[in-house]
Amino acid sequence: MVLQSIKNCLWLSCILRTPKACFWSTASGGLIIQSLSNDVYQNLAVEDWIHDHMDLEKQQVLFLWRNSPAVLIGRHQNPWKNLRLLRQKNIKLARRRSGGGTVYHDLGNINLTFFTTRKKYERMENLKLVVKALKALRPQLDVHVTDRYDILLDRQYKISGTAAKLGRTSAYHHCTLLCNADKFVLSSVLKSPYKGLKSNATPSVPASVKNLFEEDPSLTSEMLLDAIAKEYATQHQIDHHITVINPADETLLPGISNKTKELQTWEWVYGKTPKFSVSTCLNMAYKDSVLDVKVNMDVKHGRIEVCNIDLPEQWLPPGLYSELVKSLTGSKFCPNETTTLVTTLLRVCPQDDELHSRWSLLCENMIMLM
């Protein structure tokens, strides 16, 4: 870890720097910037800021960034398919502005965002640029771009996925490059163990993956970033010059803090989920028997729109059951909010130990669905 930090410092010390107050306006034709942050929300906010504020007619931009462990879902995806493991492993969840599928990031990934006007948007050319940079660095690498806009290693292993946002006049295309990512975690968090969730949200397509460092252990992330920056500079006829920025710097990126905060809100991460339904059967072990409880819910904008719980007769007092369904309807499909609701209802519940046990069992199982 110390050696890696030294490597990073040595590499950054070799980069030509421009005073931050003026580099947006002084660069002409093209600009290469790299984030100092490994925070997924800050880096996605930089993408938003460049897309919204920069004149991409005057200069195109390549943005280089890396994240601490995070799962990024596409704009039209459902996060609940993967949530439980993310919570267990304390992995951040972020919703992108771009479409496409789910990706896992850690410091073994590098991420590239190519900004252009909408007219000049061309993701295939961007990916060919990455492949050319890789081959310039290591000619023996067997890498190529597919018709699905993936980059394959050895004709079979995916090392790069891709997504894009097309605005009215501006556009960006971003892609990952697997260098030394934790493939066990990657595989685990991208599998959906959720049963009974029905949705028209964009699905993710699984693929066989391989790290570039497995193919050539002499590579480093810094070497790859520099090679891609060099090829970008050559193709855009600009200086091979990387400007390092702090995504929390309001003097450089006015309004960036608000963009970062918005990307972390429940309303954005969960509330933008396309409508979905949950139809499942809870197998609840109670005393010496197993109880089957059918649950059906419709969820819209992350809130429970319709809730039906099919309980055995007399298992809960009818009034308490009705109050539970009534409280859940309109609430967030969220364990924290549901925990607060059921705790409040428990306070007005009759003081009966067996009733409390049944209530707690049902609520625990309901919360596990979220």
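Cβ-Cβ distance of residue 352 and residue 207, R₀ of 51 Å, FRET efficiency by 1/(1 + (r/R0)^6): the value works out to about 0.45. When 259, 120, 81 are compared by accessible area at a 1.4 angstrom probe, the order from most to least is 120, 81, 259.
Note on the chain: with a GNM built from Cα contacts shorter than 10 Å, the maximum mean-square fluctuation among 225, 282, 263 falls on 282.
Here the dipole of the range 282-370 is about 360 debye; that uses its Cα centre as origin and unit charges on the Cβ of Lys and Arg (positive) and Asp and Glu (negative). Note on residue 218/residue 142: beta-carbon distance plugged into 1/(1 + (r/R0)^6) with R0 of 22 Å gives a FRET efficiency of 0.85. In the chain, the portion of solvent-accessible area held by carbon and sulfur atoms comes to 51 percent [1.4 Å probe, whole percent, DNA, RNA and ligands not counted].
Count charges around residue 265 for me, please; just the other residues with Cβ under 13 Å from its Cβ, Lys/Arg as +1, Asp/Glu as -1. Local charge sum for residue 265: +3.
The length gained by stretching the chain between residue 301 and residue 125 to full extension, at 0.36 nm per residue less their Cα-Cα distance, is 59.7 nm. Over the range 57-117, the Kirkwood radius and the radius of gyration, each from Cα atoms, give a ratio Rg/Rh of 1.06. In the assembled protein chains, residue 182 presents an accessible area of approximately 70 Å² (probe radius 1.4 Å). Cα axis of helix 318-328 to longest principal axis of the chain: angle in degrees, 0 to 90, nearest 10? The angle comes out near 10 degrees. In the context of the full set of protein chains, residues of the range 276-369 present 54 Å² of accessible surface per residue (probe radius 1.4 Å, heavy atoms only). What accessible surface, in Å², does a 1.4 Å probe find on residue 266, ignoring ligands, DNA and RNA and rounding to the nearest 10? We get 40 Å² for residue 266. In this label model, residue 252 and residue 154 are separated by 3.9 nm, measuring between points 7 Å along each Cα→Cβ vector.
Which residue fluctuates the most in the chain, going by a Gaussian network model with Cα springs under 10 Å, if the choices are 349, 179, 334? Among 349, 179, 334, the largest GNM mean-square fluctuation belongs to 349. Averaging the Cα positions of each part gives two centres, and for the range 77-154 and the range 157-201 these lie 7 Å apart. Against the main long axis of the alpha-carbon atoms of the chain, helix 123-137 sits at an angle near 60°.
Could you tell me the center-to-center distance, by alpha carbons, between the range 352-370 and the range 292-346 in angstrom? Centre-to-centre distance over Cα atoms comes out at 11 Å. Estimated at 0.36 nm per residue, the fully extended path between residue 364 and residue 117 surpasses their Cα-Cα distance by 83.9 nm. Highest mobility in the GNM of the chain, judged by mean-square fluctuation with C-alpha springs under 10 Å and restricted to 298, 310, 352, is found for 352.
May I ask which of 132/191; 119/261; 120/230; 89/135; 128/275; 191/272 have a Cα-Cα span longer than 28 Å here? Distance filter (> 28 Å) returns 132/191; 119/261; 89/135; 128/275. Between residue 239 and residue 277, what FRET efficiency comes out of the Förster formula 1/(1 + (r/R0)^6) with R0 = 45 Å and r the beta carbon distance, rounded to 0.05? Approximately 0.25, to the nearest 0.05. When the Cα positions of 349, 139, 69 are compared along the charge dipole of the chain, 139 comes out farthest toward the positive end, with charges on each C-beta of Lys, Arg, Asp and Glu. The candidates 84, 138, arranged from most to least accessible area with a 1.4 Å probe in the full protein assembly, appear as 84, 138. Distance distribution note for the chain: the fraction of Cα pairs above 31 angstrom is 44%.
Rolling a 1.4 Å probe over the heavy atoms of the protein chains gives the range 25-103 an accessible area of 35 Å² per residue.
The values are calculated or read from the model by the stated rules, or taken from the named source; none is laboratory data. Small disclaimer: the values here were computed from a predicted structure and weren't measured. Using ideal geometry, Cβ is built from the backbone for each residue, glycine included, and neighbour counts are taken over all protein chains shown. Ligands, DNA and RNA are excluded from the accessible area calculation, which covers all protein heavy atoms including side chains. Shrake-Rupley method; radii C 1.70, N 1.55, O 1.52, S 1.80 Å.
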